[in-house]
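So the structure is just underneath, and the comments pick up after that.
The values are calculated or read from the model by the stated rules, or taken from the named source; none is laboratory data. These numbers were taken from a predicted model, which means no experiment stands behind them. Every residue, glycine among them, receives a Cβ derived from its backbone with ideal geometry; neighbour counts consider all protein chains shown.
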Amino acid sequence: MTISSFLLPLLLDWKEVKQNKGVKPRADAIWLAEHTHENADGELEWADVDPLIIQELEEMCEQDKKELEMIRERDKKEMLEQQKHAMDVFKQQMMKMFARRVE
C-alpha cells in the first residue's frame, strides 16, 4: 500500500534530519521512516503495518490539517481586526490634526 500524501512530509522531515547530524527528528517521523520502504517504482510503501494503524494515522493527519487551517483562519481574522483598529486610530488622529489646523 502506497503512503498517503498526508504522511509524506513526516518522512521527508526524517530523511532531511538524517542528513543533518545533531538535529533530532520528531518521534513520529522516525517511526514512519522505520515502517516504510521504496517499491520498484520508487514510491514509498508501508512495510508490514496493520491497515487499521495506517487508517488511524491518516485520520490523525487529516484532523491536524483541519486544526491548522482553523488556526490560520483565526489568525487571519485577528490580523484583519488589528489592521482595522490601527486604521481607525490613524483616522481619529488625522481628524484631530485637521480640526486643530481649521481652528
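Listing for the model above:
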| quantity | calculated |
| --- | --- |
| Extreme residue, surrounded by the fewest Cβ atoms within 10 Å (Cβ to Cβ), among residues of region 30-64 that are within 19 Å of the chain's Cα centre (by Cα) and in contact (Cβ under 8 Å) with a residue 12 or more places away in the chain | E62 |
| Given (1) of a type outside the set (A, V, I, L, M, F, W, C); (2) touching a strand residue (DSSP E or B) at 6+ places or on another chain (Cβ under 8 Å); (3) at pLDDT below 75, number of the condition Q19 does not satisfy | (2) |
